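*Asks:* Questions regarding the structure given below will be posed in turn.
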Amino acid sequence: GLERDAKNQFSTFSNFITTINQKKEGIGNGSSPTQLVIPNIKNVRDLPPICLDVRQKQRISIDTLPQELKAPIPPEPSLPIRTKTVKDFQDDMEKAKSSGDWKAVHDFYTTTFDSFLEINAAFKKDTSSPFNTIEDSGINAKFVNVVYDALLNTPQDVQKSVLKGVINGLLQEWKGPRTKDDLRAYCILLQNPQFSNTSTYVIYAHLLRQIAALTEADHHFLVHWSKKISQRRFKQLVDRLLQFISLRLFPAKPEEFPPMVKCTWWIPSATKVLALFNAANSLISPPIISYTDFYNSTLDHIDLMEEYHNWQCCGNSHRFSFCQYPFIISIAAKKVIIQRDSEQQMISIARQSLVDKVSRRQKPDMNMLFLNVKVRRTHLVSDSLDELARKRADLKKKLKVTFVGEAGLDMGGLTKEWFLLLIRQIFHPDYGMFTYHKDSHCHWFSSFKCDNYSEFRLVGALMGLAVYNSITLDIRFPPCCYKKLLSPPIVPCDHNTLVGICDVALEDLIQIMPELAHGLSELLSYEGNVEKDFYSTFQVFQEEFGVIKSYNLKPNGDKIPVTNQNRKEYVQLYVDFLLNKSIYKQFAAFYYGFHSVCASYALLLLRPEEVEILVCGSPELDMSALQRSTQYEGYQKTDLTIRYFWDVVLEFSLDLQKKLLHFATGSDRVPVGGMADLNFKISKSETSTNWLPVAHTCFNQLCLPPYKNKKELKQKLIIGISNAEGFGLE
């Protein structure tokens with residue numbers, strides 16, 4: 001909507017910065033925003049710095065305050081009377097387009113955006129009502145949307161008048177306590193589509209700065225008001241902020257912006273405002289947009305480790321780091337941080353081992369630089385448990401696996417095989433550690449009591465080693481498991497502190513035991529007499545080794561009937577019992593096992609969903625990307641058999657594509673880095689074409705006979721991938 005030479009036109013608005021000192025004089029003389037004299041954009045002067053809410057080594061978030069919190073409310077000034085409606089404005093636009101006379105439209109925009117009072121007069125649903133609650137912003141959203149949608153289709157002088165008015169409004173509102181009308185104006189100005197153009201970034205930056213500098217109570221209102229914005233416009237606001245940050249980091253035309261040293265506050269201000277939208281997004285279930293929509297992939301190209309170290313070392317200062325706002329960092333970037341942090345810990349521990357050897361005048365051994373695990377295939381679990389328990393001090397070293405009696409050299413394949421075999425054995429139903437729920441296709445911890453929970457610690461350590469050594473595991477835990485794994489993300493110093501306990505709800509139980517969750521949901525919505533019809537108490541029963549045992553959900557629970565009045569409490573206690581209390585010792589061992597390997601402040605950056613992706617990979621398949629990155633041995637990518645293969649695979653249903661990936665790699669999920677990180681290889685098998693394809697899952701390798709036609713290849717491939725489980729046909 002802006003002309004190509006808009007930079008020259010709108011660079012004049014940089015006087016917004018230099019007129020701060022002239023503010024009183026300008027207002028005193030009653031000067032119009034259209035009469036401002038503008039210096040060069042390079043001669044900028046910083047406004048007072050924002051005090052960032054930096055918490056030492058903790059995740060930064062915008063705290064949502066209790067609804068009853070009341071900040072001191074300055075008196076609201078009386079608003080001008082403006083009677084124009086959506087229809088009136090649309091009629092004015094139609095007349096202007098047909099006649100070419102834009103005076104009425106120009107006057108409307110000039111007046112409306114001249115001050116915060118005028119913005120409220122135009123867009124407040126009822127100018128006589130205060131609208132001082134978080135539930136209703138009082139903004140006529142439809143009118144705002146219509147006015148902004150039309151703005152970019154107006155002549156340049158109309159658009160310039162809006163920006164001049166915004167400058168005037170921001171200058172007037174720089175000092176003094178904020179009223180709710182001010183907050184409404186900020187909320188409306190943020191939605192201005194002109195701020196997608198880099199020529200307006202100087203003004204946009206100062207708008208963001210003022211919003212970022214608001215009090216926590218004011219942020220509380222903005223967060224709740226923002227969650228009422230439609231999904232499409234909410235996404236536009238987030239994308240606009242992300243684009244602003246990206247272009248400030250890597251400007252296409254550096255001369256468009258002031259020098260970085262003079263506007264170091266731009267990025268912190270934008271990121272803090274983005275945090276408000278992230279907080280609003282997290283208040284709604286399901287969220288307005290996906291958490292991945294807040295990722296800024298541009299940050300993948302900055303020095304992430306410097307950001308991480310700044311965050312670690314300067315957590316209690318006012319120094320900005322993107323790690324304070326981890327929602328903006330992509331999972332790929334977080335993986336880089338975790339891997340490099342892991343490598344540094346590996347190197348540090350290996351170096352210390354070497355120094356200790358030398359100081360004792362002992363001959364150094366290269367094996368001391370690795371976590372060497374030696375196991376017998378016939379005693380896989382017990383040997384692995386003994387090795388990891390005996391070598392706890394070496395868990396942060398690079399993993400190398402040896403199978404006793406075999407001459408294999410571990411170049412990565414033996415390590416992956418060890419993980420696959422161990423996970424397969426531990427999660428077998430006969431082993432009794434985990435229960436597989438067919439309805440949800442996931443495993444959950446067995447609540448059976450035992451004397452030793454060390455094997456649960458082993459599973460946790462395995463997951464930690466997998467993340468540490470960049471191995472994707474074929475594990476099916478529900479999202480709730482990863483939420484518990486980060487509760488808390490850093491192991492507490494006090495061993496009496498409970499770990500692995502998190503807030504759980506019926507939604508969490510649905511992901512594990514959908515049938516039971518449905519029954520509890522029916523109880524909550526039951527319209528009859530719960531006490532008489534269900535005849536239940538605050539007591540649950542579980543079968544353990546053929547014996548039925550009862551547990552009270554609260555003191556004397558067996559004597560407290562479930563009624564219409566207390567059924568919500570009953571359901572909450574029941575869910576908490578199933579997901580927290582009944583498996584506490586099992587999960588605590590699992591928690592400590594994972595954190596014995598992955599103890600790192602980098603875990604503070606992760607969401608539960610991101611931990612799951614690091615452990616198990618992503619469920620989103622892109623077979624075209626796999627085709628582009630596949631390597632060949634004995635075949636060329638132009639060979640007829642290979643062309644048949646990809647024609648067949650790309651036509652497969654998603655279910656068959658997952659089966660193929662599971663058959664060839666041991667998992668139907670994709671590493672964080674995408675299909676390219678699989679290092680998938682197709683090798684030519686010199687066997688008869690009557691044979692089925694064979695997979696070497698430890699090397700992500702598929703051995704494919706040279707089938708004569710596409711039909712035969714498809715038939716043999718489907719039989720192979722549909723009837724092989726684990727190592728059954730390897």
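The values are calculated or read from the model by the stated rules, or taken from the named source; none is laboratory data. Note that the coordinates shown come from a computational prediction; the quantities given were computed from them, not determined experimentally. We place every Cβ from the backbone using ideal geometry, glycine too, and count neighbours over all the protein chains shown. Ligands, DNA and RNA are stripped out before the accessible areas are found, and what is left, the full protein with its side chains, is counted by its heavy atoms. Shrake-Rupley method; radii C 1.70, N 1.55, O 1.52, S 1.80 Å.
*Asks:* Could you say which residue among Ser348, Ser384 is in contact (Cβ under 8 Å) with a residue 40 or more places away in the chain and among the polar types (S, T, N, Q)? Don't jump to the end; show me each part of the working.
*Replies:* Working: Ser348 fails: in contact (Cβ under 8 Å) with a residue 40 or more places away in the chain.
Exactly one residue qualifies, and that residue is Ser384.
This table checks each residue for (1) aromatic (Phe, Trp, Tyr); (2) closer than 27 Å to Leu399 by Cα; (3) open to solvent by less than 10 Å² (accessible area, probe 1.4 Å).
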| residue | (1), (2), (3) |
| --- | --- |
| Asp439 | no, no, no |
| Cys442 | no, no, yes |
| Cys450 | no, no, no |
| Gly460 | no, yes, yes |
| Cys481 | no, yes, yes |
| Lys484 | no, yes, yes |
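*Asks:* Still on this structure: Kindly indicate whether Ser282 is surrounded by 13 or more Cβ atoms within 10 Å (Cβ to Cβ), of a type in the set (Ser, Thr, Tyr) and closer than 18 Å to Ile211 by Cβ.
*Replies:* Values: surrounded by 13 or more Cβ atoms within 10 Å (Cβ to Cβ): yes; of a type in the set (Ser, Thr, Tyr): yes; closer than 18 Å to Ile211 by Cβ: no.
No.
*Asks:* When residues of region 312-329 are filtered for being under 30 Å from Leu371 (Cα atoms) and either crowded, with 16+ Cβ neighbours inside 10 Å or modelled with pLDDT of 85 or more (or both), how many remain? Outline the logic, then answer.
*Replies:* Residues of region 312-329 under 30 Å from Leu371 (Cα atoms): 312-313.
Pick out the ones that are also either crowded, with 16+ Cβ neighbours inside 10 Å or modelled with pLDDT of 85 or more (or both) and you get 312.
Summing the residues that are under 30 Å from Leu371 (Cα atoms) and either crowded, with 16+ Cβ neighbours inside 10 Å or modelled with pLDDT of 85 or more (or both) in region 312-329 gives 1.
Every residue, every condition in (1) part of a helix (DSSP H, G or I); (2) in contact (Cβ under 8 Å) with a residue 24 or more places away in the chain; (3) of a type in the set (Val, Ile, Thr); (4) over 30 Å from Phe143 (Cα atoms), yes or no:
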residue: Ile229; (1), (2), (3), (4): no, yes, yes, no
residue: Gln243; (1), (2), (3), (4): yes, yes, no, no
residue: Glu255; (1), (2), (3), (4): yes, no, no, yes
residue: Pro258; (1), (2), (3), (4): no, yes, no, yes
residue: Val261; (1), (2), (3), (4): yes, no, yes, yes
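*Asks:* Quick check: anything in region 367-388 under 16 Å from Ser596 (Cα atoms) and loosely packed, with under 11 Cβ neighbours inside 10 Å? I'd like the intermediate steps shown before the answer.
*Replies:* Here is the first cut: in region 367-388, the residues under 16 Å from Ser596 (Cα atoms) are 371, 384-388.
From what is left, the residues that are loosely packed, with under 11 Cβ neighbours inside 10 Å are none.
Looking for residues that are under 16 Å from Ser596 (Cα atoms) and loosely packed, with under 11 Cβ neighbours inside 10 Å, one finds none in region 367-388, hence no.
*Asks:* Give the residues of region 416-432 that are open to solvent by 10 Å² or more (accessible area, probe 1.4 Å) and either on the phi < 0 side of the Ramachandran plot or part of a helix (DSSP H, G or I) (or both), sorted by residue number. Please lay out each step first, then the result.
*Replies:* At the first step, the residues of region 416-432 found to be open to solvent by 10 Å² or more (accessible area, probe 1.4 Å) are 416-417, 420-421, 423-425, 427-432.
Those that are open to solvent by 10 Å² or more (accessible area, probe 1.4 Å) and either on the phi < 0 side of the Ramachandran plot or part of a helix (DSSP H, G or I) (or both): Lys416, Glu417, Leu420, Leu421, Ile423, Arg424, Gln425, Phe427, His428, Pro429, Asp430, Tyr431.
*Asks:* Related question: So Pro49 ticks every box in (1) modelled with pLDDT under 70; (2) surrounded by fewer than 12 Cβ atoms within 10 Å (Cβ to Cβ); (3) out of contact with any helix residue (DSSP H, G or I) (no Cβ under 7 Å at 6 or more places or on another chain); (4) not hydroxyl-bearing (Ser, Thr, Tyr) but one. Which box is left unticked?
*Replies:* (2) is the only condition that Pro49 fails.
*Asks:* Kindly provide the set of residues from region 147-204 that are over 19 Å from Phe234 (Cβ atoms) and either of a type in the set (Lys, Arg) or free of Cβ contacts under 8 Å to residues at least 40 places away in the same chain (or both), ordered by number.
*Replies:* Scanning region 147-204 gives Lys160, Lys164, Lys175, Arg178, Lys180.
*Asks:* Looking only at residues in region 649-697 that are closer than 14 Å to Ser624 by Cβ and among the β-branched types (Val, Ile, Thr), which one is modelled with the highest pLDDT?
*Replies:* Per the stated criteria, the residue is Val649.
*Asks:* Here is a follow-up. Suppose we filter Arg178, Arg184 for residues that are farther than 18 Å from Phe244 by Cβ, assigned by the TED database to the domain that holds Ser128, outside any helix (DSSP H, G or I) and of a type outside the set (Asp, Glu); which single one remains?
*Replies:* On the way: Arg184 fails: outside any helix (DSSP H, G or I).
Of the residues listed, the single one that is farther than 18 Å from Phe244 by Cβ, assigned by the TED database to the domain that holds Ser128, outside any helix (DSSP H, G or I) and of a type outside the set (Asp, Glu) is Arg178.
Yes or no, residue by residue, for (1) assigned to a helix (DSSP H, G or I); (2) more than 27 Å from Glu569 (Cα to Cα):
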residue	(1), (2)
Leu462	yes, yes
Ala466	yes, yes
Arg476	no, yes
Cys493	no, yes
Leu524	yes, no
